[in-house]
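Participant: Dropping a structure here in C-alpha cells format, bear with me for questions.
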Amino acid sequence: MSPIISKLPKAGTTIFTVMSSLALQHQAVNLGQGFPDYPMDDTLIDLMARAMRQGHNQYAHMNGTVALRERIAEKVFSLYKYTPSVEDEITVTPGGTYAIYTALTSIILPGDEVIVFEPAYDSYIPNIEINGGKVIPIPLNKEDFSINWEAVKAVFNKSTKAIILNSPHNPSGKLLTESDIQQVTQLARAFDFYIVSDEVYEHLVFDGQPHLSLLKFPELRSRAFCCYSFGKVYHCTGWKMGYCIAPATLMAEFRKVHQYNCFSTNTPAQVALAAYLMNKEAYLGLGKYLQQKRDFLQTELKGTPLEPLPSGGSYFQLYSYRNISGEPELAFAKKLVVEAGVASIPVSAFYTKEQNNQLLRFCFAKKEETLREAAERLRKYFSAG
Ligand SMILES: Cc1ncc(COP(=O)(O)O)c(C=O)c1O
C-alpha cells in the first residue's frame, strides 16, 4: 500500500510528551505539562458517580444537556453581563481544544489566512493547516509578550479569515488589556474576520486583575467563537470537558462540524457539572488559589539564578536563564531534567521558527510539596554550579 500523504507533514511528537517521558526516565519532578497533581473536588466526583448511578449514561443532546447550557448562560451573565441563547449559542464539547478545532474547521476554507500570535498553544497551527488555511504567525513583543498591533495591521488583508486570541496566555501568563480590546475593535470596524478566543484559563487570573472576556464586548462577541475548559477550571483535565459560545449564525456552522465528529459529549459529566456550577465559589476562588502557588514557587526559587517574568494568569510562569547560559532552550531544559531532576518546557517549542530567548515555562499548578521539591533540587543544582 502506498504511504499516507500526510496532512500534517511537519507534526512530530509534542514537546509535552518528549519532556514528560524524559522526566519519567530520570525521575524528575515534572513542572512541564500543564495539569494539576493535586486532587479535584470530591463533591464533583460524587456528583459524577451519582449521575452514572441515576442512569445518565446514554447519548446527551448534541448541543449539550439543557441544564448545563442553562447554568453556563447564567454564569456568563453573572460574569460578563451578557446572556447567550441556551438554544442557539452554547455548545458543550469534549474539551477546549476540541472547541477551538471545531471553530477553526467551521470557518477556514483552503487559502484563508489566520493570524496566530507566537508563542502559541500547540494545537492552533495544525488546526489551521489541516483545514488548508495559511498560518500568519506574528511574534508577541519579546519584553512583555504584549501584542504588536502595528505588525497585525501590516498583515491584515481581504484573505484574513480569522485571528486567534488567548487570554490568559499560554505559555506567558499575559492578559489581554483594554488597549488590546480597543485595537481589535478598530480592526473589526475595518475588516470582515472572525475571532477564535481561547479563554480556557478565564478564572485563573491574578493580582485582582479582571479577565477581559470577548463576551463582554458586543462588537467583538458578534464575530467570536469563545472557547472554555471545565478541565482547567475544576482541576480535572482528564475529563476533557468544555464548551463554545458564539452567535447563532456562527454556532449553526460549528454544530454541523460537531455533529459529524463526536456528535455529543459525556453525559454524566454534564449532569455533574450542571449541579456543580451552582457553587460560584468553586470558580470564583480559583485565581487566589493559583496565585498562591505562583508566589510559592517564586519565593522558593529566589535562591537560584532563574529570573521570573510576570505572570498575570494561567497555570504558568516563564523563567529566564539568561544569567546562567546561552544554550538553546531545548538543550537547557533537557539538561535540567537529567542533571537537576526538574522538567520544564522550552518556550521555543511554542514558535514555528527557531528561537532562543533563554526562557523556560514552569507549571505551578502543583501540590506545595511538588513545588518545594522542584525548587530544592534547582537550588542544589545551581549552588553546586
Ligand atoms: C491555551 C490552551 N487552550 C486550550 C487548552 C486545552 O483545554 P482542554 O484540555 O479543555 O482541551 C490548553 C491546555 O493546556 C491550553 O493551554
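Participant: What is the packing order of peptides 182-194, 3-15, 155-167, taking the mean over residues of other C-beta atoms within 10 Å and listing the highest first?
Facilitator: Numbers: 182-194: 15.2, 3-15: 10.0, 155-167: 18.8.
Per-residue Cβ counts within 10 Å, averaged per peptide and sorted highest first, yield 155-167, 182-194, 3-15.
Participant: Same structure again: Does segment 136-250 classify as rounded, prolate or oblate by the C-alpha gyration tensor (a ≥ b ≥ c root eigenvalues; a/c under 1.5 gives rounded; else a/b over b/c gives prolate, otherwise oblate)?
Facilitator: Numbers: a/c = 1.82, a/b = 1.30, b/c = 1.39.
Note, shape of segment 136-250 comes out oblate.
Participant: Same structure again: Explain nothing, just compute: Karplus ³J(HN,Hα) = 6.51 cos²θ - 1.76 cosθ + 1.60, θ = phi - 60°, for every residue of segment 139-155 in order, whole Hz, x for Gly and Pro.
Facilitator: After applying 6.51 cos²θ - 1.76 cosθ + 1.60, I find x, 6, 4, 5, 5, 9, 6, 7, 8, 8, 5, 5, 5, 5, 4, 5, 9 Hz.
Participant: Between 100, 130, 90, which gets the highest mean-square fluctuation from a Gaussian network model of the chain, Cα cutoff 10 Å?
Facilitator: Top of the fluctuation ranking is 130.
Participant: Please report the antiparallel percentage of DSSP beta bridges with both residues in segment 56-279, rounded to the nearest 5.
Facilitator: About 30 percent, rounded to the nearest 5.
Participant: In whole Å, what three semi-axes, largest first, describe the equivalent ellipsoid of segment 198-282 built from its Cα gyration tensor (square root of 5 times each eigenvalue)? Kindly include the intermediate steps, with their values, before the conclusion.
Facilitator: Values: eigenvalues 97, 85, 22 Å².
Taking √(5λ) for each Cα gyration eigenvalue gives 22, 21, 10 Å.
Participant: Do any trypsin sites (Lys or Arg not before Pro) in segment 277-385 lie in a DSSP loop with no more than 15 other beta carbon atoms within 10 Å, and if so, which?
Facilitator: 280, 322, 353, 367
Participant: Residue 302 versus residue 87, label points 7 Å from Cα toward the beta carbon: distance in nm?
Facilitator: 5.9
Participant: List the pair-distance distribution P(r) of segment 177-326, using every Cα-Cα distance, as the percent of pairs falling in each 10 Å bin from 0 up to the bin containing the longest distance, rounded to whole percents.
Facilitator: 9, 29, 31, 22, 8, 1
Participant: Given the convex hull over the Cα atoms of the chain, what projected area results after averaging over all orientations, in nm²?
Facilitator: Mean orientational projected area (the chain, Cα hull): 20.0 nm².
Participant: Okay, moving on. Any number yet on Rg/Rh for segment 56-279, C-alpha, Kirkwood?
Facilitator: Answer for segment 56-279: 0.95.
Participant: Among 26, 258, 203, what is the fewest-to-most ranking by other Cβ atoms within 10 Å? All intermediate terms of the calculation are to be shown ahead of the outcome.
Facilitator: Numbers: 26 16, 258 27, 203 22.
Ranked by crowding around the Cβ, least crowded first: 26, 203, 258.
Participant: Multiply the residue gap between residue 148 and residue 356 by 0.36 nm, knock off their C-alpha separation, and tell me the result in nm, one decimal place.
Facilitator: Roughly 72.9 nm would be gained on extension.
Participant: For the pair residue 26 and residue 155, how long in nm is the line joining their label points, each one 7 Å along Cα→Cβ?
Facilitator: 3.4
Participant: Applying 1/(1 + (r/R0)^6) with R0 = 51 Å to the Cβ-Cβ distance of residue 11 and residue 66, what FRET efficiency is obtained, to the nearest 0.05?
Facilitator: 0.85
Quick note: the coordinates plus some simple rules give every number you see, no bench work behind them. The model shown is predicted, which means the values in this text are computed figures rather than measured ones. Every residue, glycine as well, gets a Cβ built from its backbone with ideal geometry; the counts of neighbours run over all protein chains shown.
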